[in-house]
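Visitor: Just dropping this structure here.
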Amino acid sequence: MTDTLHHVSTAKADQLPQVHLPRNDGMDLDLDWVANVQANTSAIERRAATLPGRRSVKKTHQAAWLAKAITLIDLTTLAGDDTPGRVRRLCAKARQPVRADILDALGLPAITTGAVCVYHDMIETAVDALQGTNIPVAAVSTGFPAGLSPFHLRVKEIEESVAAGAAEIDIVISRRHVLTGNWQALYDEMRTFRAACGEAHVKAILATGELGTLRNVAKASLICMMAGADFIKTSTGKESVNATLPVSLTMIRAIRAFEARTGFKVGYKPAGGISKAKDSLVYLSLMKEELGNRWLQPDLFRFGASSLLGDIERQLEHHVTGAYSASYRHGIG
């Protein structure tokens, strides 16, 4: 980990060279594989409990990691009172997530967030506000967050969002298919959503806090990848329990197993409840240890977050000045 941090800091946070990855085409549903999926909950929880204390990065290395984390954020607003003005302000923050004087003091180049994530009605506003950048617009879809609207409307919502300019679609699965073990129905649903996305990449939100067990999380992860998900994502952010380290460990090991079997790399997105800079460091170390450096790039890893960016910027300013500023000085909403 230290070697990677040194590389990032001395290279002024330039991203590692990316090789264009073939998109996950999915595979036929393999129910034998699904039936054999296991999740040792006590072992997973023990491993997860050690993560926050096992890796500690300080000073320049920490600043480099935090700058990296910013480039992996899907900067998100999913509120009922969203307005075009709020979305434009969010997009301005995505374009310049850290004040220029802080970046200059750190010797870092300009960076942007990984994406901006909004509801369908705000897609055109976000696309317009992000013109001239490479920042994609992601849209939540398929009856987000519950996913209980009529199926044909959920498919149509995807198509409408892609037509409006969304480059990424965050869909929600039907939790009942997991809870009843109806894996064929989950597979067929995900395949239909994937087809409706066309060239837009699809992130499958599992709503893991509502799936009951880590074994169900592992099986749902595998099914969604079999059906062609480009990313698997923990949560909508609206559940009572969102991203956790045990869930993350379960999902990324499913990603590792899927790559070993098929050769396709699938991305991972923890979302909900990740609001502190120190949390982002734990997730980055987890990804590095379990999947390797390639998963530290925005085409394979994202944070679904909003307040996380403000805390990271505050920590970077502390690194430069030695003092903590008031959190309201780093507002993003």
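The values are calculated or read from the model by the stated rules, or taken from the named source; none is laboratory data. Model, not experiment: these values are computed from the prediction. Positions of Cβ are backbone-derived with ideal geometry, glycine not excepted, and every protein chain shown enters the neighbour counts. Note: accessible area is taken over every heavy atom of the protein model, side chains too, but ligands, DNA and RNA are not part of it. Shrake-Rupley method; radii C 1.70, N 1.55, O 1.52, S 1.80 Å.
Visitor: Do we find that GLN62 is open to solvent by 50 Å² or more (accessible area, probe 1.4 Å) and closer than 30 Å to LYS219 by Cβ in this structure?
Guide: No: the conditions fail for GLN62.
Visitor: Go over the candidates LYS265, LYS203, LYS269, LYS219 one by one and state the one that is closer than 23 Å to ALA67 by Cα and either in contact with a Phe, Trp or Tyr (Cβ under 7 Å, 6 or more places away or on another chain) or of a type in the set (Lys, Arg) (or both). Break it down into steps so the answer makes sense when it comes.
Guide: Numbers: LYS265 fails: closer than 23 Å to ALA67 by Cα; LYS203 fails: closer than 23 Å to ALA67 by Cα; LYS219 fails: closer than 23 Å to ALA67 by Cα.
Going through LYS265, LYS203, LYS269, LYS219 in turn, the sole match is LYS269.
Visitor: Residue check: is SER221 of a type in the set (S, T, N, Q), more than 21 Å from VAL116 (Cβ to Cβ) and crowded, with 24+ Cβ neighbours inside 10 Å? Can you show your working first?
Guide: Values: of a type in the set (S, T, N, Q): yes; more than 21 Å from VAL116 (Cβ to Cβ): yes; crowded, with 24+ Cβ neighbours inside 10 Å: yes.
Yes.
Visitor: Is there a residue in segment 227-238 that is in a helix (DSSP H, G or I) and open to solvent by less than 40 Å² (accessible area, probe 1.4 Å)? So that I can check it myself, show each step before the final result.
Guide: Looking only at segment 227-238, we keep the residues that are in a helix (DSSP H, G or I), and these are none.
For segment 227-238, residues in a helix (DSSP H, G or I) and open to solvent by less than 40 Å² (accessible area, probe 1.4 Å): absent.
Visitor: Which of the residues belonging to segment 136-150 are surrounded by 20 or more Cβ atoms within 10 Å (Cβ to Cβ) and either aliphatic (A, V, I, L, M) or touching a Leu at 6+ places or on another chain (Cβ under 7 Å) (or both)?
Guide: Let us first name the residues in segment 136-150 that are surrounded by 20 or more Cβ atoms within 10 Å (Cβ to Cβ), namely 136-142, 144, 147.
Matches in segment 136-150: VAL137, ALA138, ALA139, VAL140.
Visitor: Another one. I need the full set of residues from segment 107-132 which are on the phi < 0 side of the Ramachandran plot and either open to solvent by 40 Å² or more (accessible area, probe 1.4 Å) or in contact with a Gly (Cβ under 6 Å, 6 or more places away or on another chain) (or both), in order please.
Guide: Result: PRO109, ALA110, THR112, TYR119, HIS120, ASP121, ILE123, GLU124, VAL127, ASP128, GLN131.
Visitor: So, one more: For segment 177-196, check the following and say yes or no: at least one residue is buried (at least 24 other Cβ atoms within 10 Å of the Cβ), among the aliphatic types (A, V, I, L, M) and outside any helix (DSSP H, G or I).
Guide: The answer is no; no qualifying residue exists.
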